[in-house]
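Engineer: Have a look at the structure that comes next, please.
The values are calculated or read from the model by the stated rules, or taken from the named source; none is laboratory data. Here the structure is a predicted model, which means the values were calculated and not measured. Note that we place each Cβ from the backbone using ideal geometry, even for glycine, and neighbour counts take in every protein chain shown.
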Amino acid sequence: MYEIRIHSRGGQGGVTAARLLALAAFRDGKYATACPFYGAERRGAPVVSFVRIDDEPIKIYSQIHEPDLVVVLDTSIMDVVDVLQGLKGDGTVLLNSAHTLEGCAAVCRHVDLTGIALATDLVIAGSPILNTPVLGALAKMGVVTLPSVKTAIREMFADERNVRAAEAAYEELKI
């Protein structure tokens, strides 16, 4: 089973990203679950979402304490939350950043999801929406396939800017 923990702030699209990732995995022929965990529901508050992907039916629906992959949609969260807590020894971190995380003990990948969202005008109430761009980066990392990402996005959103944002993140992420 592959387990992913997504750290975001309310309004960035982390919960929706988890749902879309699970749907993309399903489109790839996998089993998947997605669940959010948050306290007070308000824009800007820290939110954690969890995704499990497997070839077998998943019978666990809970928080993930030892993820294979940690996704950080807002690096300022790292000032208040230990996002690396429990990350498996061979785990990976994906950061929404133009730069990599210095001194990271894990394998760290980074892509400027905010810049991509702004460039494609994926903005609501002045905040860039990161849920669809991050799916492109996850596809580049091999978590799901890009065709399944595009299908999942189109099932949830009619606006093709979302697909273009995912494609841009796929192209920009360096592996």
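Engineer: Identify, by number, the condition in (1) crowded, with 16+ Cβ neighbours inside 10 Å; (2) modelled with pLDDT of 95 or more; (3) over 15 Å from Leu138 (Cα atoms) that Glu66 doesn't meet.
Structural biologist: Checking Glu66 against (1) crowded, with 16+ Cβ neighbours inside 10 Å; (2) modelled with pLDDT of 95 or more; (3) over 15 Å from Leu138 (Cα atoms), the one that fails is (1).
Results for (1) assigned to a strand (DSSP E or B); (2) out of contact with any strand residue (DSSP E or B) (no Cβ under 7 Å at 6 or more places or on another chain); (3) of a type in the set (Lys, Arg), shown as yes or no for each residue.
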site: Phe50; (1), (2), (3): yes, no, no
site: Pro57; (1), (2), (3): no, no, no
site: Ile77; (1), (2), (3): no, no, no
site: Glu102; (1), (2), (3): no, yes, no
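Quick grid of which residues meet (1) of a type in the set (Asp, Glu); (2) in contact with a Cys (Cβ under 9 Å, 6 or more places away or on another chain):
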position	(1), (2)
Thr33	no, no
Pro57	no, no
Glu66	yes, no
Leu73	no, no
Ser76	no, no
Leu84	no, yes
Asp90	yes, no
Ala98	no, no
Ala105	no, no
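Engineer: Could you figure out which of (1) surrounded by 21 or more Cβ atoms within 10 Å (Cβ to Cβ); (2) at pLDDT 95 or above; (3) within 14 Å of the chain's Cα centre (by Cα) isn't true of Tyr2?
Structural biologist: Checking Tyr2 against (1) surrounded by 21 or more Cβ atoms within 10 Å (Cβ to Cβ); (2) at pLDDT 95 or above; (3) within 14 Å of the chain's Cα centre (by Cα), the one that fails is (1).
Engineer: Report, by residue number, each residue of the range 144-175 that is closer than 15 Å to His110 by Cα and either under 15 Å from the mean Cα position of the chain (by Cα) or not acidic (Asp, Glu) (or both). Talk me through it step by step, then tell me what you get.
Structural biologist: Taking the range 144-175 and keeping what is closer than 15 Å to His110 by Cα, we get 166, 168-175.
Residues satisfying the conditions are Ala166, Ala168, Ala169, Tyr170, Leu173, Lys174, Ile175.
Engineer: How many residues, within the range 79-100, are outside any loop (DSSP other than H, G, I, E, B), in contact with a strand residue (DSSP E or B) (Cβ under 8 Å, 6 or more places away or on another chain) and free of Cβ contacts under 8 Å to residues at least 12 places away in the same chain? Break it down stepwise before answering.
Structural biologist: Just the residues of the range 79-100 that are outside any loop (DSSP other than H, G, I, E, B), to begin with: 79, 92-96.
From the residues that got through so far, the ones that are in contact with a strand residue (DSSP E or B) (Cβ under 8 Å, 6 or more places away or on another chain) too are 92-96.
Then keep just the ones that are free of Cβ contacts under 8 Å to residues at least 12 places away in the same chain; that gives none.
Summing the residues that are outside any loop (DSSP other than H, G, I, E, B), in contact with a strand residue (DSSP E or B) (Cβ under 8 Å, 6 or more places away or on another chain) and free of Cβ contacts under 8 Å to residues at least 12 places away in the same chain in the range 79-100 gives 0.
Engineer: Any chance you could count how many residues in the range 1-36 are in contact with a Phe, Trp or Tyr (Cβ under 9 Å, 6 or more places away or on another chain), closer than 23 Å to Thr114 by Cβ and part of a strand (DSSP E or B)?
Structural biologist: Total meeting the criteria: 5.
Engineer: Give Arg52, Arg27, Arg43 a once-over and let me know the one that is at pLDDT 95 or above and either exposed (fewer than 14 other Cβ atoms within 10 Å of the Cβ) or over 21 Å from Thr92 (Cα atoms) (or both). Give the steps one after another, and end with the answer.
Structural biologist: Numbers: Arg52 fails: either exposed (fewer than 14 other Cβ atoms within 10 Å of the Cβ) or over 21 Å from Thr92 (Cα atoms) (or both); Arg43 fails: at pLDDT 95 or above.
The conditions single out Arg27.
Engineer: Return the residues of the range 92-113 that are surrounded by fewer than 21 Cβ atoms within 10 Å (Cβ to Cβ) and either among the β-branched types (Val, Ile, Thr) or closer than 21 Å to Pro36 by Cβ (or both); say none if nothing qualifies.
Structural biologist: Correct list: Thr92, Thr100, Val107.
Engineer: Taking the range 122-146 on its own, how many of its residues are within 14 Å of Asp28 (Cβ to Cβ) and either of a type in the set (Val, Ile, Thr) or without any contact (Cβ under 8 Å) to a residue 12 or more places away in the chain (or both)? If you could, list the steps in order and put the result at the bottom.
Structural biologist: In the first step, residues of the range 122-146 are kept if they are within 14 Å of Asp28 (Cβ to Cβ); the result is 135, 138-139, 141-146.
Keeping just the survivors that are either of a type in the set (Val, Ile, Thr) or without any contact (Cβ under 8 Å) to a residue 12 or more places away in the chain (or both) gives 142-145.
Result for the range 122-146: 4.
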